[in-house]
Each structure stands twice: as structure tokens, then as C-alpha cells.
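The values are calculated or read from the model by the stated rules, or taken from the named source; none is laboratory data. Predicted model only: the values in this text are computed from it and were never measured. No Cβ is skipped: glycine too gets one built from the backbone with ideal geometry, and neighbour counts run over all protein chains shown. Accessible surface areas use protein heavy atoms only, side chains included; no ligands, DNA or RNA. Shrake-Rupley method; radii C 1.70, N 1.55, O 1.52, S 1.80 Å.
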Amino acid sequence: MPQNHEEICDQATQTVTYLTADGNMTRMGLSGFQAWISGTLQPAYTAFKTAFEDWKNPSERTPVKTATLTAAENLFIPLYRHLYTGMLKDNPLVTDADLVAMGLPKRQTGGRHPASVPETSPAASVKMPGPGIVEIHFRDSAVDNPSRAKPAGVHGAEIAWAVLDTPPVNWSQLEHSSFDTASPFRLSFEGDRRGQRLYFALRWENTRGAKGPWSEIQDAVIP
């Protein structure tokens, strides 16, 4: 999954445009999911795209527009990921050419064994390259391979996060969820969030969508 609003919107537009083109859903065996795609996925995509278009001009950006975009994106992304992992990636009627045309990754080839469920959680560190910007760098926590970005068979990391007044008791209080295939993951905040505390945790997700254990919850002050 791309790591910024513009890239996510561009990729999602490519996916939805191809998916809903005449005959594609029928050819790919998705007729049975027509109601979900048209009644759930597409409205969430439209709301996200509308919020992004309203937000993308920096001179007209406001905290309300940012909050609206974040809420719409957080609603859309799990649906978008479900489309890929649950309906497209392992669907024999969907070709690699279809996936590429939708802006999605091709299937991995050459291995006989499916990727195992991740057993470790990512090691994470924080950098703050500018005001309002927090970068979460993550890597394989294996002691014998400290520099490796991701364990074998892992597609990326889910990052759960929230800006809270008090420390969270458990991971369910991290109300936002994002996904990134390459470190670092970047969050950008409006000026009124500076000085507030960001809490976050990460877990690996393999190429089949299976998730590993959460890391410990960490925190950082928004610069």
C-alpha cells in the first residue's frame, strides 16, 4: 500500500476504474461480489477521493479537511485491502496483467510453500525530519539479521496509531490503522497537533494477509 494520500488515491482510482470497466468483473468471476463492490467499496472510495481533492491544495487546507480525509481514508483502506487479498490476489481468473492494470502487485512466483504466519513483530524507531512530521522506521527484529527490512514472506507492516492525552491500555485504543510495504512510514500533522503525544504499534502481515503479533506500544511527541 502506498504511504501517502496522493499515491493511495492514484492507485485506488486505477483499481476502481479497471475493476468497473465493462465486462471485467464478470470475466474475473466477481459477479457475486457486485453488490459489495457497488454498495460498499465504491461509496467509500468516492468519499475518500472527494475528501482528498478537497484537502490537496495546501493554501486551502484546514484541520477539518485533514480530519475528514483521515476518517475517509481509514474507512476505505481496509475495504481496499480486502478487495486485493480476499477477491483478487488468489483468484485464478485474475491474471497478473489484470493486477498490474489495477496498479496492484503481481503474485510472487517460484516458491512451493505459502508464506508462513509472522512470528515476530517489527522493531521500530522514530525520526522527526521536520515540524509536524513523524517518521516510523521499521525492520526485522531478528537478532541474527538486524539489518533486514522485512522477514521472509512478509508483504509489509500494519501501523496502528492514535494521538491521545493518556497512554493507551491496549492496542484497541489505537484507532487509526495504516499499512506500509517499505520503511519508513510517515505521518504529517497540522500545527495544532505539535507537542501532543503519538502512540503507535506495528505488526507484520505476510503475502497471504496473515498477521503476526503486535509490537509493544511506543510513543513520540509530535514536533
(request) Go over the candidates 85, 120, 95 one by one and state the one that is farther than 21 Å from residue 16 by Cα and open to solvent by 40 Å² or more (accessible area, probe 1.4 Å). (result) 120
(message) Return the pair list, or none, for Cβ contacts closer than 7 Å from residues in segment 179-204 that are more than 18 Å from residue 149 (Cβ to Cβ) and open to solvent by 30 Å² or more (accessible area, probe 1.4 Å) to residues that are modelled with pLDDT of 90 or more and among the acidic types (Asp, Glu), at least 6 apart or on different chains.
(response) 197/219
(request) Report the residue count in segment 69-82 for those that are among the β-branched types (Val, Ile, Thr) and crowded, with 18+ Cβ neighbours inside 10 Å. (result) 1
(request) Being assigned to a strand (DSSP E or B), among the polar types (S, T, N, Q) and open to solvent by 30 Å² or more (accessible area, probe 1.4 Å) is the filter here, so list the residues in segment 168-178 that pass it. (result) 177
(request) Looking only at segment 30-40, decide whether some residue is in contact (Cβ under 8 Å) with a residue 40 or more places away in the chain, of a type in the set (Ser, Thr, Tyr) and under 23 Å from residue 211 (Cβ atoms). (result) no
(request) Say whether the condition of being open to solvent by 70 Å² or more (accessible area, probe 1.4 Å) and modelled with pLDDT under 85 is met by at least one residue in segment 149-165. (result) yes
(request) Among the candidates 56, 89, 65, 49, single out the residue that is among the basic types (Lys, Arg) and in contact with a Pro (Cβ under 9 Å, 6 or more places away or on another chain). (result) 89
(request) Take segment 205-223 and flag every residue that is open to solvent by 20 Å² or more (accessible area, probe 1.4 Å) and more than 14 Å from the chain's Cα centre (by Cα). (result) 208, 210, 213, 214, 216, 217, 218, 219, 221, 223
(request) Hand me the list of helices (runs of 4 or more DSSP H) wholly inside segment 1-109 holding 1 or more residues that are under 20 Å from residue 188 (Cβ atoms) and over 17 Å from the mean Cα position of the chain (by Cα). (result) 42-55, 63-82
(message) I want to confirm something. Restricting to segment 195-209 and keeping residues that are of a type outside the set (Ser, Thr, Tyr) and in a loop (DSSP other than H, G, I, E, B), which single residue is nearest to residue 90 (Cα to Cα)?
(response) 208
